[in-house]
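Chemist: Okay, handing you the structure first.
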Amino acid sequence: MLETLTVIATLAAGGDRVDLDAPLVGERTTVFRADEVHLGDGRVLDGGVVFVQDGVIREVGVGLEPPTGAHVVEHDGALTPGLVALHGFEGGGEELLDSTRPFLPGADAATAFNPDHPDFTRSLDCGITAVVLSPPASILCPGTTAVVKTAGAVVVSRRAQLVLGLSTSALKADEFPTSYAGALAALDERFSEPKGAFRSALDGELPLLVKISTRSQIQRALGFLTRHRLRGALYGSYWAEEVVDEIKASAFSVICTPSDPGDDGRWARSIAALSAAGVRLGFGLDAPGRHPHCLRFGAAVAVREGMDPGAALTALTGDAAAIAGVGGRLGRVERGLDADLVLWSGEPMDLASEISAVYVDGKRVRGGER
């Protein structure tokens, strides 16, 4: 049943896009006017206006006049793109986990997508409109991630990233691989004579998501990735403060480790240092093990430690979508992109601000009348 749902969602997400040059039809148009419109790339429009029709953003600007008959939403607060959580297991359960072999590049996280699971309801309540479902990196290559929406049963990208495990979680005491040397030798072999997903990764068609933790693991991973001229993102930021220059030189993005209340200052300092160096960042979540509130909480903590608030919001929206390979559809308030929007009572990076409404594909799914 889950596979059937996923196929339907994928077909729906891959249909013809809206003709952006067609005239707006007032009765099918929703116009948002907000005190601030955060575009998802660091820019903010004061008194911004957004036109949405048929689930797609049609126009963005200031002083735009709505077409006759349009539904107008006046909002005293901020409008942002929907948040994108870059690593999670929502609704997947045991279907995302297979540790029977060290390499499972054909495993597809999208087959575990259960759009009716309450995990997605909790994410919507926190302004998260898309998540990257990922198999746990408990083996060297557990499969591919999938980008899904938290409402509407839509799979945005079925094969978003190829996951590699280069942390201690992928090593075993009594079966291969038992050491980093053995693990890297096996990966070298796969990429020296690549097939399937490894060929796609080597050709730049399928980015990597590489799970690491410690400083030595980061350096080991960067050496391997640079040697094979691969691209993608590292997942694990806690020790990154000590190797910022190496990460910057690699051109790899970083998915920040989820934050919990009570974490020490190193976690946030590493993120602030990476941001200051110009490394593209996004935030992981690992729900349902962590509550979806932790996504924005982590970004707010990083701001407290010196990260620019605009950069933090970009890491939750535009840059997150780009890291997941779906920047052409999600993450920004821009003409032609999906109308996944969140209305906030105040500044998005202020934890005192509350969510007033959430829209996915232009439909209100949280807040007020739908």
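Chemist: Can you tell me which residue within segment 268-292, out of those that are in contact with a Leu (Cβ under 9 Å, 6 or more places away or on another chain) and assigned to a helix (DSSP H, G or I), is farthest from A78 (Cα to Cα)?
Modeler: The selected residue is L274.
Chemist: How about segment 46-73: which of its residues are small (G, A, S) and touching an Asp or Glu at 6+ places or on another chain (Cβ under 8 Å)? Please lay out each step first, then the result.
Modeler: First pass over segment 46-73, keeping only residues small (G, A, S): 47-48, 55, 61, 63, 69-70.
If the condition is that a residue be small (G, A, S) and touching an Asp or Glu at 6+ places or on another chain (Cβ under 8 Å), then G47, G48, G55, G69, A70 are the ones that fit.
Chemist: Look through A302, A312 and report the one residue that is crowded, with 23+ Cβ neighbours inside 10 Å, of a type outside the set (F, W, Y), in a helix (DSSP H, G or I) and at pLDDT 95 or above.
Modeler: Values: A302 fails: at pLDDT 95 or above.
The unique qualifying residue is A312.
Chemist: Consider segment 252-277. How many of its residues are within 18 Å of the chain's Cα centre (by Cα), of a type in the set (G, A, S) and modelled with pLDDT of 90 or more?
Modeler: First, the residues of segment 252-277 that are within 18 Å of the chain's Cα centre (by Cα): 252-259, 271, 274-275.
Checking the rest, the ones that are also of a type in the set (G, A, S) come to 253, 259, 275.
Now narrow it down to the ones that are modelled with pLDDT of 90 or more: 253, 275.
Selection size over segment 252-277: 2.
Chemist: Kindly indicate whether D116 is assigned by TED's automatic domain parsing to the domain that holds S345, part of a loop (DSSP other than H, G, I, E, B), out of contact with any strand residue (DSSP E or B) (no Cβ under 8 Å at 6 or more places or on another chain) and not β-branched (V, I, T).
Modeler: Details: assigned by TED's automatic domain parsing to the domain that holds S345: no; part of a loop (DSSP other than H, G, I, E, B): yes; out of contact with any strand residue (DSSP E or B) (no Cβ under 8 Å at 6 or more places or on another chain): yes; not β-branched (V, I, T): yes.
No.
Chemist: Consider G77 carefully, then state whether it is of a type outside the set (D, E, K, R), at pLDDT 95 or above, in contact with a Lys or Arg (Cβ under 7 Å, 6 or more places away or on another chain) and under 24 Å from P292 (Cα atoms). Explain how you work it out, then say what you get.
Modeler: Numbers: of a type outside the set (D, E, K, R): yes; at pLDDT 95 or above: yes; in contact with a Lys or Arg (Cβ under 7 Å, 6 or more places away or on another chain): no; under 24 Å from P292 (Cα atoms): yes.
Judged against the criteria, G77 is not a match.
Chemist: Mind counting the residues in segment 332-370 that are touching a Lys or Arg at 6+ places or on another chain (Cβ under 9 Å), part of a loop (DSSP other than H, G, I, E, B), over 10 Å from G82 (Cα atoms) and not hydrophobic (A, V, I, L, M, F, W, C)?
Modeler: Result for segment 332-370: 5.
Chemist: From G91, G106, grab the single residue that is assigned to a loop (DSSP other than H, G, I, E, B), crowded, with 19+ Cβ neighbours inside 10 Å and either outside the structural domain of G26 (by TED's automatic domain parsing) or hydrophobic (A, V, I, L, M, F, W, C) (or both). If you could, list the steps in order and put the result at the bottom.
Modeler: Working: G106 fails: crowded, with 19+ Cβ neighbours inside 10 Å.
Going through G91, G106 in turn, just one is assigned to a loop (DSSP other than H, G, I, E, B), crowded, with 19+ Cβ neighbours inside 10 Å and either outside the structural domain of G26 (by TED's automatic domain parsing) or hydrophobic (A, V, I, L, M, F, W, C) (or both): G91.
Chemist: From the set of residues in segment 25-40 that are in a loop (DSSP other than H, G, I, E, B) and buried (at least 18 other Cβ atoms within 10 Å of the Cβ), which is farthest from the chain's Cα centre (by Cα)?
Modeler: Only one residue fits best here, namely L39.
Chemist: A further question follows. With A130, A153, A137 as the choices, which residue is assigned by TED's automatic domain parsing to the domain that holds L104, in contact (Cβ under 8 Å) with a residue 12 or more places away in the chain, within 20 Å of the chain's Cα centre (by Cα) and closer than 30 Å to E347 by Cβ? Step through it out loud before you land on a result.
Modeler: On the way: A153 fails: closer than 30 Å to E347 by Cβ; A137 fails: closer than 30 Å to E347 by Cβ.
Result: A130 is the single residue among A130, A153, A137 that is assigned by TED's automatic domain parsing to the domain that holds L104, in contact (Cβ under 8 Å) with a residue 12 or more places away in the chain, within 20 Å of the chain's Cα centre (by Cα) and closer than 30 Å to E347 by Cβ.
Chemist: Right, something else. Name the one entry in V360, V301 that is under 26 Å from V155 (Cα atoms) and touching a residue at least 40 places away in the same chain (Cβ under 8 Å). Step through it out loud before you land on a result.
Modeler: Details: V301 fails: under 26 Å from V155 (Cα atoms).
Exactly one residue qualifies, and that residue is V360.
Chemist: Answer yes or no as to whether L343 is buried (at least 21 other Cβ atoms within 10 Å of the Cβ), touching a residue at least 24 places away in the same chain (Cβ under 8 Å) and not assigned by TED's automatic domain parsing to the domain that holds D116.
Modeler: Numbers: buried (at least 21 other Cβ atoms within 10 Å of the Cβ): yes; touching a residue at least 24 places away in the same chain (Cβ under 8 Å): yes; not assigned by TED's automatic domain parsing to the domain that holds D116: yes.
When the stated conditions are applied, L343 passes them.
The values are calculated or read from the model by the stated rules, or taken from the named source; none is laboratory data. The structure displayed is predicted, hence computed values, not measured ones. Every residue, glycine as well, gets a Cβ built from its backbone with ideal geometry; the counts of neighbours run over all protein chains shown.
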